[in-house]
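Okay, structure first, notes after.
The values are calculated or read from the model by the stated rules, or taken from the named source; none is laboratory data. From a predicted model like this one, the values you see are computed outputs, not experimental measurements. We place every Cβ from the backbone using ideal geometry, glycine too, and count neighbours over all the protein chains shown. These area figures cover heavy atoms from the full protein model, side chains too; ligands, DNA and RNA do not enter into them. Shrake-Rupley method; radii C 1.70, N 1.55, O 1.52, S 1.80 Å.
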Amino acid sequence: EDPRPNYLRLAREATPVFTTDRTPFEIGKAQVFREGSDVTIVATGTMTYQAMVAAENLAKDGISAEVVHCATIKPLDEKTILESARKTGRVITAEEAQVTGGLGGAVAELLGENHPVPLKRIGVKDRFGESGKPDELLRAFGLTHTHITLAVHEIIEK
């Protein structure tokens with residue numbers, strides 16, 4: 001129904017459903033899927049599920065991770081992301097795409113100009129894509145909940 005040009009990315013394999021009727025898709029609106037106080041994980045697409053699993057694992061370590069689901073990158077929901085970054089003081093981004101020019105880059109620019117905090121970006125780091133099974137590719141590119149969990153530990157230790 002949106003008259004503007006749009007780009008939609010779909011997963012090839014079936015992925016866990018993590019949205020509900022209470023979390024409807026809205027262009028330009030991010031949603032806090034899990035409240036937290038120690039770190040913000042801003043994720044998009046299938047990586048939101050990985051972020052939710054990471055948050056569960058981090059809770060076992062006594063780390064409270066806030067998960068912000070960012071369904072659209074442009075327009076970016078600056079208000080929600082900044083509010084979360086101000087609350088936690090640390091941000092991890094997670095995307096199943098290049099971090100440069102994607103969610104990680106957009107969040108880095110937003111924070112750099114408005115509220116600089118420690119930031120780590122989980123995503124493809126200037127590499128060409130490869131062929132393989134989806135779970136193998138997620139591991140090869142460092143796009144799993146384990147990688148997110150490790151990044152959170154690194155940013156907290158700094």
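Here are a few things to note about the model shown:
- Here the Karplus relation 6.51 cos²θ - 1.76 cosθ + 1.60, evaluated at θ = phi - 60°, turns the backbone of the range 90-96 into coupling constants of 8, 9, 10, 10, 9, 8, 9 Hz, with x for every Gly and Pro.
- The length gained on full extension between VAL17 and THR100, counted as 0.36 nm times the residue separation minus their Cα-Cα distance, comes to 27.2 nm.
- Between LYS79 and SER37, the contour length at 0.36 nm per residue exceeds the Cα-Cα span by 13.4 nm.
- Backbone HN-Hα couplings from phi across the range 36-51 [Karplus 6.51/-1.76/1.60, Hz, Gly and Pro as x]: x, 10, 9, 7, 9, 10, 9, 10, 9, x, 5, 6, 5, 4, 4, 5
- Amide hydrogen proximity for ARG34: with H placed 1.01 Å from N in the peptide plane, the residues at 5 or more positions away or on another chain lying under 5 Å are VAL67.
- Springs join every pair of Cα atoms under 10 Å in this Gaussian network model of the chain, and among THR72, THR40, THR93 the largest mean-square fluctuation is at THR72.
- If R0 equals 25 Å, the separation of the Cβ atoms of SER64 and GLU113 corresponds to a calculated FRET efficiency of about 0.40.
- Cross-link pairs LYS79/LYS133; LYS79/LYS158; LYS87/LYS133 - those with Cα-Cα distance over 31 Å: LYS79/LYS133; LYS87/LYS133
- Around the Cα centre of the chain, unit charges on the Cβ atoms of Lys, Arg, Asp and Glu (plus for the first two, minus for the last two) sum to a dipole of about 160 debye.
- The string of couplings for the range 69-81 from the Karplus curve (6.51, -1.76, 1.60, θ = phi - 60°) is 8, 10, 5, 10, 9, 9, x, 8, 7, 4, 4, 5, 5 Hz, one whole number per residue in order, with x for Gly and Pro.
- Per residue, the accessible area of the range 66-128 comes to 48 Å², computed with a 1.4 Å probe over protein heavy atoms only.
- Counting every C-alpha pair in the chain, the share spaced more than 22 angstrom apart comes to 37%.
- Whole-Å distance, taken between Cα centres, linking the range 1-76 and the range 132-147: 18 Å
- Taking GluC sites (Glu not before Pro) across the range 122-158, the ones in a DSSP loop with at most 10 further Cβ atoms lying within 10 angstrom of their Cβ are GLU130.
- FRET efficiency for the pair GLU130 and GLU154, taken as 1/(1 + (r/R0)^6) with r the Cβ-Cβ distance and R0 = 30 Å, rounds to 0.75.
- Taking amide H as placed 1.01 Å from N in the peptide plane, ILE122 has its amide H under 5 Å from the amide H of THR93, ALA94, GLU95, each at least 5 places away in sequence or on another chain.
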